Amino acid sequence: MNNNIAVLRNVAWVAGAGYVESAIGLLAGVLIARTLGPAEYGHYAFAIWTCGMLLMAGNNALPSASVKFIAEARGGGRDELAASLASRFTRLQMVSSSLVLLVFAGAVAWRPFSDWREHLVAMLALTVVAVWSRAGFWMWGAVGKGHELFAPENLTLAAVALLNGAAVVALALLGATALQFFALYAAVGVVSNLMVRRVL
């Protein structure tokens, strides 16, 4: 019975956070697009897409693997192994993300994107911060899931979605630029990373 309640609670966390994040994210995206206009929004969207690709390359399925192996170790009553795996996976993820970001930074410094030439240093720095922080967020969220703790990641997602929505409205009212919206994206990543660690 307790196990069924835990499963239902975890499903509720995932579903609730997913709905909140999707709804607010959709509204924020529309507001950003209306504020920036087609050309500027294209630059912003390209920067977000670049971060997504770097996240995928840097984490290279390590969060998913950590959920599986940590949960298996705990299921077998091997808590020391689970703790060791959590430590190993987080180290591997840090090394992997660092290498990907170093290669990316070197490549962009050598051959900058045409969209970024005007603000190259700022865009590169914000990209590194955004990817590094979000990669860590997903990794720590996965470690929590491996320990059957779904609340940290999903509570963070919902809370940060609300914060992001409010910040997007404020920036839109001020007529923010693509660079400023991207700076918000990076800042939200940092807040997500710090919050999930705190909740865990």
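What is the angle, in °, between the Cα long axis of helix 62-75 and the longest principal axis of the Cα atoms in the chain? Nearest 10 is fine, range 0 to 90.
Compared with the principal axis, the helix lies near 10 degrees.
Please give the FRET efficiency for LEU27 paired with PHE113, using the beta carbon to beta carbon distance and R0 = 25 Å, rounded to the nearest 0.05. Present the calculation step by step, with values, prior to reporting the outcome.
Numbers: r = 28 Å, r/R0 = 1.13.
Calculated transfer efficiency: 0.35.
What angle do you read, to the nearest 10 degrees and between 0 and 90, between the alpha-carbon axis of helix 151-173 and the longest principal axis of the chain?
10
Arrange the residues LEU99, LEU54 by how much accessible surface each exposes, largest first, with a 1.4 angstrom probe.
Values: LEU99 105, LEU54 20 Å².
Ranked from most to least accessible, the order is LEU99, LEU54.
Take GLN180 and ARG88, extend 7 Å from each Cα along the Cα→Cβ direction, and tell me the distance between the two endpoints in nm.
Label-label distance for GLN180 and ARG88, simple model: 4.8 nm.
In Å², what does the accessible area per residue of the chain work out to with a 1.4 Å probe? It would help to have the intermediate numbers written out before the result.
Details: 10980 Å² over 200 residues.
Result: 55 Å² per residue.
Let's test the formula: R0 of 41 Å, r as the Cβ-Cβ distance of TRP49 and GLU148. What FRET efficiency results, to the nearest 0.05?
The computed FRET efficiency comes out at 0.80.
Stretch ALA61-LEU194 to full length: gain in nm at 0.36 nm per residue minus the Cα-Cα span? Don't skip to the end; give the middle numbers.
Numbers: separation 133, 0.36 × 133 = 47.88 nm, distance 2.15 nm.
This chain segment gains 45.7 nm when fully extended.
Quick check for me: using +1 on Lys/Arg Cβ and -1 on Asp/Glu Cβ, what's the dipole size of the chain about its Cα centre, in debye to the nearest 20? Mind dumping the intermediate values first?
On the way: 13 positive and 9 negative charges, 55 e Å.
My answer is approximately 260 debye.
By accessible area of protein heavy atoms, probe 1.4 Å, what ranking do LEU81, LEU92, LEU184 get, highest first?
Numbers: LEU81 65, LEU92 85, LEU184 25 Å².
Order by accessible area, largest first: LEU92, LEU81, LEU184.
Over the chain, what relative contact order in percent results from Cα pairs under 8 Å that are six or more residues apart?
Working: 207 pairs, mean separation 71.0, N = 200.
Worked out over the chain, it gives 36 percent.
Round to the nearest 10 and report in Å² the accessible area of VAL169, as given by a 1.4 Å probe over the protein chains' heavy atoms.
The accessible area comes out at roughly 70 Å².
With semi-axes √(5λ) of the Cα gyration tensor in Å in mind, check (i) 35, 32, 14; (ii) 33, 22, 11; (iii) 27, 20, 17 and report the label derived from this structure.
Read-out from the structure maps to (ii).
Using the Cα centre as the reference, give the magnitude of the dipole from point charges on the C-beta atoms of the stretch 102-162 (Lys, Arg: +1; Asp, Glu: -1; all else neutral), rounded to the nearest 20 debye. Write down the numbers at each step before the final one.
Working: 4 positive and 4 negative charges, 30 e Å.
The calculation lands at about 140 debye.
Largest first, what is the accessible-area ranking of HIS119, HIS147 with a 1.4 Å probe? Could you put the intermediate results ahead of the total?
Numbers: HIS119 80, HIS147 60 Å².
From most accessible down to least: HIS119, HIS147.
Could you tell me what percent of the accessible area of the stretch 25-169 is made up of carbon and sulfur, with a 1.4 Å probe and every protein chain present?
Values: 5240 of 7580 Å².
It is 69 percent, rounded to a whole number.
Counting each DSSP H run of 4 or more residues in the chain as -39500 (n - 2.57), what helix-only mean residue ellipticity at 222 nm follows after dividing by all residues, to the nearest 500 deg cm²/dmol? Walk me through the numbers on the way to the answer.
Working: 6 runs with 176 residues, N = 200.
Value at 222 nm, helices only, nearest 500: -31500 deg cm²/dmol.
From the residues MET94, GLY37, TYR185, which one has its Cα farthest along the dipole of the chain in the positive direction, the dipole being from +1 and -1 charges on Cβ of Lys/Arg and Asp/Glu about the Cα centre?
MET94
The values are calculated or read from the model by the stated rules, or taken from the named source; none is laboratory data. All values reported here derive from a predicted model rather than from experimental measurement. Neighbour counts run over all protein chains shown; Cβ positions are idealised from the backbone, glycine included. When the accessible area is computed, the model is the full protein with side chains, heavy atoms only, and any ligands, DNA or RNA have been set aside. Shrake-Rupley method; radii C 1.70, N 1.55, O 1.52, S 1.80 Å.
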